[in-house]
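The values are calculated or read from the model by the stated rules, or taken from the named source; none is laboratory data. Because the structure is predicted, anything quoted here is derived from the model rather than measured. Don't worry about glycine lacking a Cβ; one is built from the backbone with ideal geometry, like all the others, and counts go over all protein chains shown. To get the accessible areas, we keep the full protein, side chains included, count just its heavy atoms, and leave off ligands, DNA and RNA. Shrake-Rupley method; radii C 1.70, N 1.55, O 1.52, S 1.80 Å.
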Amino acid sequence: MNVTANRWTSREDDLFRQLVNSRASSRSIALALNRTEDELKKRGYLLGLPLKWFKASRDH
C-alpha cells in the first residue's frame with residue numbers, strides 16, 4: 001500500500017473544517033473527501049476538532 005495515498009492535503013483539511021462547521025453529516029463528509037468515517041475521526045482529532053462533531057453528525 002502506498003503511504004502517500006492516505007496523506008491529507010491542506011485543501012482537504014480546509015474543506016473538512018468547512019463541512020464540519022456547516023454541520024454536514026460524517027457520511028456526507030466522508031463521501032465528499034473520499035475518506036472513511038474512521039479516517040475522518042482520526043483526522044478530526046489531529047486537527048483539534050472536538051469529538052462531539054463526529055458524534056453529533058452521526059445522529060443526523
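Among residues other than GLU12 whose Cβ falls under 11 Å from its Cβ, what is the net charge (Lys/Arg +1, Asp/Glu -1)? Numbers along the way, then the final one.
Values: positive: ARG7, ARG11, ARG17, ARG35, ARG43; negative: ASP13, ASP14, GLU39.
Counting the neighbours of GLU12, the net charge comes to +2.
Using unit Cβ charges (K, R positive; D, E negative) and no other charged atoms, how large, in debye to the nearest 20, is the dipole of the chain about its Cα centre? Working shown, then result.
Details: 12 positive and 7 negative charges, 28 e Å.
Charge dipole of the chain: 140 debye, to the nearest 20.
Kindly give Rg over Rh for the chain, based on alpha-carbon atoms, with the Kirkwood expression for the hydrodynamic radius.
Working: Rg = 10.9 Å, Rh = 11.5 Å.
Across the chain, the Cα-based Rg/Rh ratio is 0.95.
Which percent of the accessible heavy-atom area of the chain goes to carbon and sulfur, probe 1.4 angstrom? Could the numbers behind the result be given before it?
Values: 2300 of 4570 Å².
Reported share for carbon and sulfur atoms: 50 percent.
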